């Protein structure tokens, strides 16, 4: 039996409980409930399970998208074995993770005038750039790409390797000419700034166009100069360079690893390296890697699905595509920046070169049954989701 004093203390709790239940079943209440679930520390369960066809997969269940503690991602690093300290730098300087000086590029230049339009061909050690009208922008692009090539080779530990052929780019002067070319070639280039073309893949990429031969098709916008808002102009140009570096990553990976990559690996590396910046003198990767799919990752997890679904990413992933772009970039960022697990990425590359098929390469990751490995990745992608980028 409860006393009057006890009942008076219980009454507020009863009212609180009743109103909480009502709130949950209202629209706003359901939203508040979802937000509350996100902030709760619901533990993630990491388990290795077998599918009906006998394959072993890892599942991370739990809907906790809240960052519980400082992430594992390293903000500084020392030079790795094989890295050339004189040419590149690693460590925290002005928000940079690693950087190197842009090389001096003196391309050989030829010009042609088909149909009354001036085209320039700029040839460097590793690239052949065909650009419409703007020779100056072509030289700048050549310099950036040669610098980007050095940066990617250093970060991927490809310093002792060289592409066996020149990488090709075709850059139109505006969206109009770019779209006309895509239509002529029967390619779908809607909502793209550029596409990567690689013949041996023979498949369509929903985000960046499709692959038919080894070159990048782009356009530079002649109307940039008309934008008086410097911040907006800079933003537009940065979008161009992000797409250029994303597509160049695909092209360079094809040159240095002439194998079909699993989609999570190819897009993850492209999503990581598209963050490259340059300031006219140096090219660098920032400490903070942007991930524009953080919101999609959050929705995916709150729907009760596992981040590790990304390792089964196929061309039929449909509505899951945005989240998979996010999780793949997050996983590669985690491997690139956490010195404890960087060797996992190196082994993946080695196994691909040895001939392990793309659909089997995840077994290299799967064999790491150290729960700390997966918990560290969980913390890193929670940081991405919590920051919103």
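Remarks
- Test result for residue 183, out of contact with any helix residue (DSSP H, G or I) (no Cβ under 6 Å at 6 or more places or on another chain), modelled with pLDDT of 85 or more and at negative phi: yes
- Meets criteria (surrounded by fewer than 19 Cβ atoms within 10 Å (Cβ to Cβ) and over 14 Å from residue 385 (Cα atoms)) for residue 279: yes
- Residue satisfying all of: in the range 285-310; in contact with a strand residue (DSSP E or B) (Cβ under 8 Å, 6 or more places away or on another chain) and not in a loop (DSSP other than H, G, I, E, B); surrounded by the fewest Cβ atoms within 10 Å (Cβ to Cβ) among these: 286
- Those strands (runs of 3 or more DSSP E) of the range 95-181 in which 1 or more residues are in contact with a strand residue (DSSP E or B) (Cβ under 9 Å, 6 or more places away or on another chain), free of Cβ contacts under 8 Å to residues at least 40 places away in the same chain and over 18 Å from residue 246 (Cα atoms) occupy 108-112, 119-123.
- Meets criteria (modelled with pLDDT of 95 or more, surrounded by 19 or more Cβ atoms within 10 Å (Cβ to Cβ) and more than 12 Å from the chain's Cα centre (by Cα)) for residue 335: yes
- Residue among 245, 218, 210 that is surrounded by 17 or more Cβ atoms within 10 Å (Cβ to Cβ) and at pLDDT below 65: 210
- Hits in the range 282-309 (condition: more than 20 Å from residue 388 (Cα to Cα) and in contact with a helix residue (DSSP H, G or I) (Cβ under 6 Å, 6 or more places away or on another chain)): 283
The values are calculated or read from the model by the stated rules, or taken from the named source; none is laboratory data. Only a predicted model underlies this, so the values are computations on that prediction, with no experimental measurement involved. Methodologically, a virtual Cβ is constructed for each residue, glycine included, from the backbone with ideal geometry; neighbour enumeration extends over all protein chains shown.
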